[in-house]
Each structure stands twice: as structure tokens, then as C-alpha cells.
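A.B. asks: Structure provided below as C-alpha cells; questions to follow.
Just so it is clear, none of the values below were taken in a lab; they were calculated from the coordinates. Every value quoted in this text rests on a predicted model; they were computed, and no experiment measured them. FYI the Cβ positions are ideal-geometry reconstructions off the backbone, even for glycines, and counts take in every protein chain you see.
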Amino acid sequence: MGGMQAVILAGGLATRMRPLTKDTPKAMLEVAGRPFIAWQLEQLARYGYSRVLLCLGYLGEQVRGFVRDGAHFDLEVEYAFDGPRLLGTGGALRRSVERLAPLFLVTYGDSYLPFDYAGPLRDLEAQPDALATMSVFENAGRWDASNTQVEGDHVVRYEKGSDDPALRHIDYGATALRREALMRLPPDTAVGLDSLQSDLAREGRLRSYEAHERFYEIGSEEGLRELELYLSRTHG
């Protein structure tokens, strides 16, 4: 199969969103009249993606029942389900490595990003020495804790959970990766994607792609309300 591939990591338990997510996976929460996953898939198709791998866990069958094969989003959608043991964002990708394109985009199942989703992939394709291109936003602590230091067109430091005021950028929520980079991660091991991103930043092999509009996420009720307002305003 040809065409650009995106991976959506949507296997989390969404405990911060209880009771809304007690019987509904986060990807299926209603936002501006539609399940969130519909907005996300439409964004990916709009920017030229034709293939999506949905990595699902908690209540994931509801997502598959809604999205099906993705044809009504002009996409080919496949599924990878968490096994009995949660492997984290990096572990889920490592487990699915044989189903990934040589270059692909990974994003998160609670992120809505008003930017060119194809941009990081184009950047990585043009830079054969890089192993990944992370989308970044000059957040300066406004929307969440900043965790990224950018110099020129590279991410030189990435510390998830940091509160260092010297870090002015934040991981925007979409990273293009070379499949080979995932082979650095141990198989069948719980590990976050951030550990790989941090290593690549230290090695000078993680490029940056600047986004200029704030990100939205539905990991909290406040975030859900903010996205609802944004989508109602821009798509109403």
C-alpha cells in the first residue's frame, strides 16, 4: 500500500476524564456534535494522509465500530489492539513496527492540531540524516508545561514533565519518524515514546517543525470545552 501513513496512539485508560470515559473511550467523546475521532481523521485526510493505524486499548471496539475501514473518511484504517499488558506509547509503536511505513507520522488520540499534519513528514523526508521531526510550538508555559529546547531547526533537548523555565517550546503532538528508529526500543517492554525522542535530541538527530497556532487536547474537561468552542467557531 502506498500513500502517507499516520499512527494514532489511543490506547490510554483516560482516567482523568472519568466519569465521561467510564463507558466511552476518549476518542469517542462528543465534541461539537461528533465523536472526536471523526474530527481527527478528517484533519489527517485533509493534509494528504491515506492510511491510518489506530492503536487502541480501553473500549477500543467502540472506535472500530464507528470508524470501520475508514472509507467514509477517504482513508484506509487498520487497527492494533493492546495486549494484556500496557506497553506505553513507545512500546505500542515497537510492537506494531512491521505494519509501519518506512516514514510515518505519529500523533495522540486526544490531540487536535490546527496545522499542516504533512509538514513534519515532508521535513524528515528531505533530511536523510535525521531520524525524526517533532512538531513544536513556542508555548512559554501557557497551555501546558514547556518541555523542549529548539536551536535553529533542531530539537536539542526534550524533557517530558520538566518545569525548567529555560524550555520555551512544547512537543506539539505530532512527530514524523523513521521506522528504523523504533528498533532502538526493546521489544515487548513498557516504554514511552518520549524516551526515544529525548535520546534523538541529545544525538542531534531530532529536527523541529514549528507550529504557529495553539494545540487542543481532550485530556481534561477544560480542554474538551476549549476544543468545542474552537470547532464551533471554525466549523459552525
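A.B. asks: When only Cα pairs under 8 Å and 6 or more residues apart are kept, what is the percent relative contact order across segment 4-235?
C.D. replies: Result for segment 4-235 is 24 percent.
A.B. asks: Given only helices, namely DSSP H runs of n ≥ 4 each adding -39500 (n - 2.57), what is the per-residue ellipticity at 222 nm of the chain, to the nearest 500 deg cm²/dmol?
C.D. replies: The helix contribution divided over the chain gives -7500 deg cm²/dmol.
A.B. asks: Continuing with this model, one more query. For the chain, with only Lys/Arg (+1) and Asp/Glu (-1) charged at the beta-carbon, what is the dipole magnitude about the Cα centre, in debye rounded to 20?
C.D. replies: Its charge dipole is roughly 400 debye.
A.B. asks: Place +1 on the Cβ of every Lys and Arg and -1 on the Cβ of every Asp and Glu in segment 4-235, take the dipole about the Cα centre, and give the residue among Gln43, Leu196, Leu87 whose Cα lies farthest towards its positive end.
C.D. replies: Leu87
A.B. asks: Mind checking segment 53-155 for trypsin sites (Lys or Arg not before Pro) that DSSP puts in a loop (not H, G, I, E or B) and that have at most 13 other Cβ atoms within 10 Å?
C.D. replies: Arg68, Arg85, Arg142
A.B. asks: For segment 72-161, state what percent of all Cα-Cα pairs lands in each successive 5 Å bin, counting from 0 Å until the bin that includes the largest distance.
C.D. replies: Each 5 Å bin holds this share of Cα pairs: 2, 9, 16, 21, 23, 15, 10, 3, 0.
A.B. asks: Okay, moving on. What percent of all Cα-Cα pairs in segment 2-125 falls into each 5 Å bin, going from 0 up to the bin containing the maximum distance?
C.D. replies: Reading upward from the zero bin: 2, 11, 23, 24, 22, 12, 5, 1, 0.
A.B. asks: Across the chain, what fraction of all alpha-carbon pairs, as a whole percent, falls in each successive 10 Å bin from zero upward?
C.D. replies: It works out to 8, 33, 40, 18, 1, in whole percents.
A.B. asks: Of all the stretches in the chain, which is the longest one without any exposed loop site, taking GluC sites (Glu not before Pro) in a DSSP loop (any state but H, G, I, E, B) with at most 12 other Cβ atoms within 10 Å?
C.D. replies: Longest stretch, sites excluded: 1-202.
A.B. asks: Another question about this same structure. Enter the Cα centre distance for the pair segment 157-224 and segment 112-147, rounded to the nearest angstrom.
C.D. replies: Measuring centre to centre over Cα atoms gives 9 Å.
A.B. asks: Using a Förster distance of 45 angstrom, determine the FRET efficiency expected from the C-beta separation of Leu229 and Val156, and round it to 0.05.
C.D. replies: Approximately 0.80, to the nearest 0.05.
A.B. asks: In the P(r) worked out for segment 132-197, what percent of Cα pairs fall beyond 14 Å?
C.D. replies: 57
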